[in-house]
Amino acid sequence: MKLSKLAYKSFFCVVGFAFAGAVLSCGSTSVAPAPLVEEAPAEPEVAPEPEAPVAEPEPVVDDEYSRSVGDVAVDRDTFIDDKDQVLKIIAELDTVMRSKDYNSWLTYVDKESINYWMLRKNLQKAEKRLPVKGIKLRELKDYFNYVFLPARAGRTVSEIRYISDTYIKAVQVQGEGESEQVTVYYYFNKIDGRWMVHLPPIEN
């Protein structure tokens, strides 16, 4: 009986040691580490190429401004503004001339001119210079119809020329250099800030 209990205990000890060994053996099993993933080397930073310096445009010589101003002290902005105003007035006059609107025409002419050309003696001077003989200029309206209109209707004005800062002539320029031809079609007086048509008197 004692022998059986001893054998029984021995059996369990053997089994227990075997089980413990198995457990210890399993617990000591090494696990393969995860493979290392090598990171791709960062691309080297490339410094941006410096922008090429932008060459400043060379100043353009404004030949028309120089031609228009001459020796008169008028700045470029004033010249541009004056030319715009004069060309606008000429465009309006072109409409007036096409319709032969004498009364509207009078609103564009300065008083000095009106007073001069209303005199019969001055109209008679103009009569002698008309290309068509036999026409009588008895009043200012005749001057408008037979002198002003034929000389200017349908003409093109491209530039202005300063005689002074308040007195200019409007001209058509054809050709360049030595072959340049300048034809005067209008004179303008600047009165109270407005350009008015001036009709030059006939020199004796």
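The values are calculated or read from the model by the stated rules, or taken from the named source; none is laboratory data. The structure presented is a predicted model; accordingly, all values stated were derived computationally and were not measured. Glycine gets a Cβ as well: all are built from the backbone with ideal geometry, and neighbour counts include every protein chain shown.
Could you tell me which of the residues Arg120, Arg152 is among the charged types (D, E, K, R), surrounded by fewer than 14 Cβ atoms within 10 Å (Cβ to Cβ) and in contact (Cβ under 8 Å) with a residue 12 or more places away in the chain? Step through it out loud before you land on a result.
Numbers: Arg152 fails: surrounded by fewer than 14 Cβ atoms within 10 Å (Cβ to Cβ).
Result of the check over Arg120, Arg152: Arg120.
Anything in the range 158-203 that is touching a Gly at 6+ places or on another chain (Cβ under 8 Å), of a type outside the set (Phe, Trp, Tyr) and under 15 Å from Ser68 (Cβ atoms)? List them, or say none.
Keep residues of the range 158-203 that are touching a Gly at 6+ places or on another chain (Cβ under 8 Å), which gives 161-162, 181.
Restricting the remaining residues to those that are of a type outside the set (Phe, Trp, Tyr) gives 161, 181.
Scanning the range 158-203 gives a single hit, Arg161.
Quick check: anything in the range 177-185 farther than 19 Å from Val72 by Cα, touching a Phe, Trp or Tyr at 6+ places or on another chain (Cβ under 9 Å), among the polar types (S, T, N, Q) and modelled with pLDDT of 90 or more?
no
So, in the range 103-115, exactly how many residues are part of a helix (DSSP H, G or I) and surrounded by fewer than 17 Cβ atoms within 10 Å (Cβ to Cβ)? Let's see the steps before the verdict.
The first filter runs over the range 103-115 and keeps only residues part of a helix (DSSP H, G or I), leaving 103-106, 111-115.
Subsequent filtering for residues that are surrounded by fewer than 17 Cβ atoms within 10 Å (Cβ to Cβ) retains 103-104, 106, 111-112, 114-115.
Adding up the residues that qualify gives 7.
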